[in-house]
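Values in this text are rule-based calculations from the coordinates and carry no lab data. Owing to the predicted nature of the structure, the values given are computational and were not obtained by experimental measurement. Backbone-built Cβ (ideal geometry, glycine too); neighbour counts: all protein chains shown.
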Amino acid sequence: MSEWVELTASDGHALNAYRAMPAGARKGGVVVVQEIFGVNAHIRSVCDRYADAGYEAVAPALFDRIRPSVELNYDEAGVNEGRELAAAIGWDHPTQDIEAAARSLHPDGKAGVVGYCWGASWVWMAACRLDIACAACYYGRHIVDLLDEKPRCPVIMHFGAQDASIPPEAVEAIRAANPQIPIYLYEDAGHGFNCDKRADFRPEAAAVALERTLALFAERIDS
């Protein structure tokens, strides 16, 4: 079962969120953090996939602070518009909205959080500033610029070795600054390899990354 719900952040901001419920026993809660394209059909399908795995999944609409109901296409116009929205949102407000989603899943916010593209960098900030259960970051381009922040929970990261927007030296800088974090590199994958709406979709890499992410969630998230 899935539905749209309303969340309230700590500063009083009301935002929409897509919620997917597991059909069977609930293993815990997962916050799914959008790409720059909004809580679109792909992100909703990611929530549904985590629900199929037994987790209640919530994707907060982070762009609601600027414009509600953003759903952009995977084309040049969508990329440009999404980048402008993401830059305008910044880092602090998404952290508040992710916290609202996490607290909707657990009274103490002890949910797993996973994010993709720009959303992975927002997840990194959440892992460094919030008391969440754990975090998984998929190809977060801006994480390398945020290494003065240190995580407060277990984190794993996924990168494509062929990602033109995240050079190998950026990945190595992240690894050097955080040697305790498992960083997985997928040799035949580029940016957005988890998204089946992109040309860079790599189903085998996506399946392995999901398996690793679910293993983290199984270990760290309480029902």
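Sorted largest first, the principal axis extents computed over the alpha-carbon atoms of the chain equal 39, 39, 33 Å. Between 85, 96, 70, the Cα set farthest toward the positive side of the dipole of the chain (charges on each charged residue's Cβ, about the Cα centre) is that of 96. Set the Förster radius R0 to 45 Å, insert the Cβ-Cβ distance between residue 76 and residue 169 as r into 1/(1 + (r/R0)^6), and round the FRET efficiency to 0.05. With R0 = 45 Å, the Cβ-Cβ based efficiency is 0.95.
How high is the FRET efficiency from residue 91 to residue 21, r the C-beta distance, R0 35 Å, rounded to 0.05?
The value I calculate is 0.70.
Pairs of Cα atoms nearer than 8 Å and 6+ residues apart set the relative contact order; for the chain it is 17 percent. Look at the alpha carbon pairs under 8 Å that are at least 6 residues apart: their mean separation over the length of region 36-108 gives a relative contact order of 36 percent.
The convex hull around the C-alpha trace of region 83-195, projected and averaged over every direction, spans 6.7 square nanometres.
For the chain, modelled as a Gaussian network with Cα springs under 10 Å, which listed residue fluctuates most, 143, 181, 132? Of 143, 181, 132, the Gaussian network model singles out 181 as fluctuating most. About its Cα centre, region 98-178 has a charge dipole of approximately 220 debye under the convention of +1 per Lys or Arg Cβ and -1 per Asp or Glu Cβ, with nothing else charged.
Of all DSSP bridge pairs formed entirely within the chain, close to 40 percent run antiparallel.
Taking 0.36 nm per residue of sequence separation and removing the Cα-Cα distance, the residue 184/residue 67 pair yields an extension gain of 38.7 nm.
At an R0 of 35 angstrom, the distance between the Cβ atoms of residue 146 and residue 52 translates into a FRET efficiency of 0.65. Centroid-to-centroid, using Cα positions, region 96-148 and region 1-56 are 14 Å apart.
Distance between the modelled labels on residue 2 and residue 197, one decimal in nanometres: 1.1 nm (7 Å Cα→Cβ projection). For the listed peptides 25-38, 77-90, a ranking on the average number of other beta carbons within 10 Å per residue, highest first, reads 25-38, 77-90.
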